[in-house]
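Working notes for the structure below.
The values are calculated or read from the model by the stated rules, or taken from the named source; none is laboratory data. This structure is a prediction, so every number in the text was calculated from the model and none was measured. Cβ placement follows ideal geometry from the backbone for every residue including glycine, while neighbour counts extend to all protein chains displayed. Each accessible area value is taken on the protein alone, full model and side chains, heavy atoms only, with ligands, DNA and RNA left out. Shrake-Rupley method; radii C 1.70, N 1.55, O 1.52, S 1.80 Å.
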Amino acid sequence: MLPKHEATYALCDVNSFYVACERLFRPDLIGKPVLVLSNNDGCAIAMCDYCKSIGIKMGAPYFQIKPLIEKHNITWFSSNYGLYGNISQRFNQILQRFTDHVAPYSVDESFLLFQGFEEDLIERSQKLRKTLLQCLSLPVCIGLGPTKTLAKVANYYAKKHKKSSTGVVDLRNVHHRKWALQHLEVEDIWGIGRRLAQKLRFQGISNAWQLHNADYKTLQRMFSVNMERTILELRGQPCLELNQHPVAKQSILNSRSFGTPISNKADLKEALAYHTTRCCEKLRQQQSLASNIEVHLYTKDRQQLSTNLSLVEPSDDTGLFLQAVNQGLDNIFQSHQTYKKAGITLYGIVPSNGYQSDIFNNSKQRPELMESLDTINSKYGKDTIKFGSLGFEKRWAMRANARSPHYTSRWSDIIQIK
């Protein structure tokens, strides 16, 4: 057993997160089969347990599973990432009621660090589950362990055995940990992919307990330092920090397929302006500047056209990037082509704090305008105020024939009780 008050990591993971978000404002769907499709209603990306039980696979194209959807009366939705992102923020806000140390790992799961708590952590985890269910109707499973990797293993078993575990599994006990690792395939370990698992199996390591007992120095020389860290984490020695502040991205991409192929240059300009706006918002969120932008188009016959442009100096001003994008589009646009996808990538990213601009540079930086733009759009909804380049018709927009309302982020979609 770990000493009392020893630091404990927890992984809180929402079960079928997208489905739970769709059911949040549709209580009539609780207990009924629900499925969520990807961009352009292409393939299944989230589903309830019932959908899995009848043979629907993750990533299955819609046209293939349509007969099953109709036969079993499954309610399906187009992806609504605005709603999912907002619920994810609320999810993490509730986690912060239970500990000051919360590190989001993905949209539907976060690591927590419990340190110095006298309260029984299993009981605290059950209280957290009940709070999330009461406040957001989110069903979660929680794994506890002395390291992040063991918390991930514990969460795996909590999800696999929801009823018997009551949604919480604790692997701080050495004997419980041994059993769990002995029954865990090596490819199911966090950070061990299929290819790496094949190489480990070639070395006679087929489960997590065998990896736990392996010579980590030998495997470190054969593979990488990450392998050494994984083995030590499986042994209960923390090697991975709780990153509460995500590392700034070195490149920012925004790209999307069109609902229907387009050939009009004005439509392409609108689509690229949209992607540029989203990229610049992400750039400002992480307090960075970028000096290079790549414009890429994809034709209907799978040809990629791209060009890279540089600003005079790093910036986060959406207007300056839009000017560069229009120039890039002029360089690569081919009037005889039909396009199915467009995107923007920002490179040359540096921190904005402490950056000294060139006093001889004539380009106009407008930090106050960008801050006002972000503040208004954050309060009243995305693109409440926007550059004219984004247009209004959005003929390029992706298909979303069954998207739910933006219940929590758009005034017009807020539910009204009469």
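Odds and ends about this structure:
- The Cα atoms of the range 252-390 define a convex hull whose projected area, averaged across directions, is 8.5 nm².
- Once divided by 2.2 N^0.38 Å, the Cα radius of gyration of the range 13-145 becomes 1.17.
- Once divided by 2.2 N^0.38 Å, the Cα radius of gyration of the chain becomes 1.12.
- For the range 38-152, the dipole from Cβ point charges (+1 on Lys and Arg, -1 on Asp and Glu) about the Cα centre works out to 240 debye, to the nearest 20.
- The range 341-418: C-alpha pair distances exceeding 22 Å, %: 52
- Accessible surface of the range 252-390 [probe 1.4 Å, protein heavy atoms]: carbon and sulfur percent: 47
- Here the dipole of the chain is about 1260 debye; that uses its Cα centre as origin and unit charges on the Cβ of Lys and Arg (positive) and Asp and Glu (negative).
- The angle between the Cα long axis of helix 367-380 and the main principal axis of the chain comes to about 60°, on a 0 to 90 degree scale.
- Heavy-atom surface of the range 13-145, accessible at 1.4 Å and reported per residue (Å²): 46
- Gyration tensor (Cα) of the range 1-74, equivalent ellipsoid semi-axes in angstrom: 33, 14, 12
- Only Cα sites of the range 134-183 enter the Debye sum here, all with the same form factor; the resulting log10 I(q)/I(0) across q = 0.17, 0.19, 0.26 1/Å is -0.46, -0.56, -0.92, listed in q order.
- Evaluated with a Cβ-only charge set (Lys, Arg +1; Asp, Glu -1), the range 1-99 carries a dipole of roughly 100 debye about its Cα centre, given to the nearest 20.
- Counting only residues at least eight positions apart within a chain, or on another chain, the lysines with an alpha carbon under 17 Å from that of Lys152 are Lys160, Lys162, Lys178.
- Dividing the summed -39500 (n - 2.57) terms of all DSSP H runs of n ≥ 4 by the residue count of the chain sets its mean residue ellipticity at 222 nm at -11500 deg cm²/dmol.
- When the GluC sites (Glu not before Pro) in the range 76-166 are filtered for DSSP coil states and for at most 15 other beta-carbon atoms within 10 Å of their beta-carbon, the remaining sites are Glu118, Glu119.
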